[in-house]
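Below you'll find the structure, written out as structure tokens, and then a few comments.
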Amino acid sequence: MMDGNDKKCCMANEEKNAVQTAKVQMHEMMAIADVLDGEDAVTVWFEIPGACKDHVTIEVKDRVMKMRAESCLRKGGVPIVFHREFQLSDCIDVQGITAVTQDGVLTLTLPKSEHAKVHRIKVS
């Protein structure tokens, strides 16, 4: 026989399970990425088909850049979410990072800080 505390615990578990089943399931996929290390910046291209700019989040914390993009595409009836994260070098100017999305491709430009850029010295 259950006492009052056991009944409360069971009810709490049932409520928790109901909330979990009500959550929308997402199909997580690692976004394909291409990286080009240029003289002044590093450029990263992510394939994020079906994701518009309003559903893309990019954040940098402790020099780790995380990208997440919710797509309108589905796999098995479940929405697809693309994600990726990279450890950034100290040479990247985090404040200068820019992002543009077009035709299912997210392009990030990560400018290099002045001390990381190639400086050519002219010989006379």
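Readers should treat all values here as calculations from the given coordinates under stated rules, not as data from a laboratory. These figures come from a predicted structure and were not determined experimentally. Neighbour counts are summed over all protein chains in view; Cβ atoms, including those assigned to glycine, are modelled from backbone coordinates with ideal geometry.
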Matching residues in segment 96-116 (in contact with a strand residue (DSSP E or B) (Cβ under 9 Å, 6 or more places away or on another chain) and of a type outside the set (A, V, I, L, M, F, W, C)) number 9
Expected single match for over 13 Å from E47 (Cα atoms) and in contact (Cβ under 8 Å) with a residue 60 or more places away in the chain among V94, V118 is V118
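Residues are listed down the side, and each one gets a yes or a no for (1) surrounded by 14 or more Cβ atoms within 10 Å (Cβ to Cβ); (2) touching a helix residue (DSSP H, G or I) at 6+ places or on another chain (Cβ under 8 Å); (3) not β-branched (V, I, T):
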position: V44; (1), (2), (3): yes, no, no
position: K61; (1), (2), (3): no, no, yes
position: A69; (1), (2), (3): yes, yes, yes
position: P79; (1), (2), (3): yes, no, yes
position: I97; (1), (2), (3): yes, no, no
position: T107; (1), (2), (3): yes, no, no
position: H119; (1), (2), (3): no, no, yes
Subset of segment 37-57, residues among the hydrophobic types (A, V, I, L, M, F, W, C) and farther than 30 Å from H119 by Cα, comes to I48, A51, C52, V56
